[in-house]
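All of the numbers you see were taken from the coordinates with simple rules; none came from a lab. The shown structure was predicted, so the numbers you read here are calculated from the model rather than taken from an experiment. Note that each Cβ is placed from the backbone with ideal geometry, even for glycine, and that neighbours are counted across all protein chains shown.
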């Protein structure tokens, strides 16, 4: 029973174009969402987050959009750079007493071609 | 400063053997987590330690799995009588004392366990 789904295992874009990574969730108790980036042989690193009270959060080239009614969020990277090539994980937290417990999607491998 | 470190980076073991995986969290971080990532899967929560509180072991898949955290710092994840389905990358993460938004966890590079 996957509560966080990343339905695209991979995505390939050209340098300078927009990358859009999608994530869907099923648990309505989730109220905080995070994106992590992972390079090979390294641990995931935090990228950007959003609370359910917002619908958008922006940090430089990275923007996360949240559509609560659709239980959908997306990560936009503009412009994409070759160094952005990595696996991106969407994660969700349930808030309350177990807000430390993150539920992750399977990840999307982004390849940015020069 | 130093990040989260894990050892060994790779471990190959025979089915039925016990293994110990080690995690050194970031200095000063009181919260420590273990996750595992099986092939083609997302990260799966295993266990959470916070200071002197009782750990949340709700993610441990069987009683063959156990974890300790000594002195509020280093943690060891032990898998007894390993099975082939235990093959995965085991990731450790830590975070500061207060669990505040955005609940960022700092991950180590992981230990790749292969059970033959």
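Quick one: compute the contact order of the range A:2-98, relative version, from alpha carbon pairs under 8 angstrom and 6+ residues apart, as a percent.
For the range A:2-98, the relative contact order is 36 percent.
What residue among A:52, A:12, A:98 has the largest mean-square fluctuation in a Gaussian network model of chain A, using Cα springs under 10 Å?
Of the options given, A:98 has the highest mean-square fluctuation.
For chain A, what is one quarter of the convex hull surface built on the Cα atoms, given in nm²?
That works out to 7.0 nm².
Can you give the % of DSSP beta bridges in the protein assembly as shown that are antiparallel, to the nearest 5?
90 percent
Which of A:75, B:32, A:66 comes first, and how do the rest follow, when ranked by fewest Cβ neighbours within 10 Å?
If I rank by nearby Cβ atoms, fewest first, I get A:66, A:75, B:32.
When N counts the residues of the range B:10-116, how does its alpha-carbon radius of gyration compare numerically with 2.2 N^0.38 Å, as a ratio?
My calculation over the Cα atoms of the range B:10-116 gives 1.04.
What distance in nm separates the two pseudo spin-label positions at residue B:114 and residue A:7, each 7 Å out from Cα along the beta-carbon direction?
Here the modelled spin labels are 3.6 nm apart.
Taking the convex hull of the alpha carbon atoms in the range A:14-77, what volume per residue do you get, in Å³?
That works out to 105 Å³ per residue.
Going out from 0 in 5 Å bins, what whole percent of all Cα-Cα distances in the protein assembly as shown drops into each bin?
Pairs per bin, as whole percents: 1, 7, 14, 18, 19, 17, 12, 8, 3, 1, 0.
For a footprinting-style exposure proxy, rank B:79, A:20 by other Cβ within 10 Å, fewest first.
A:20, B:79
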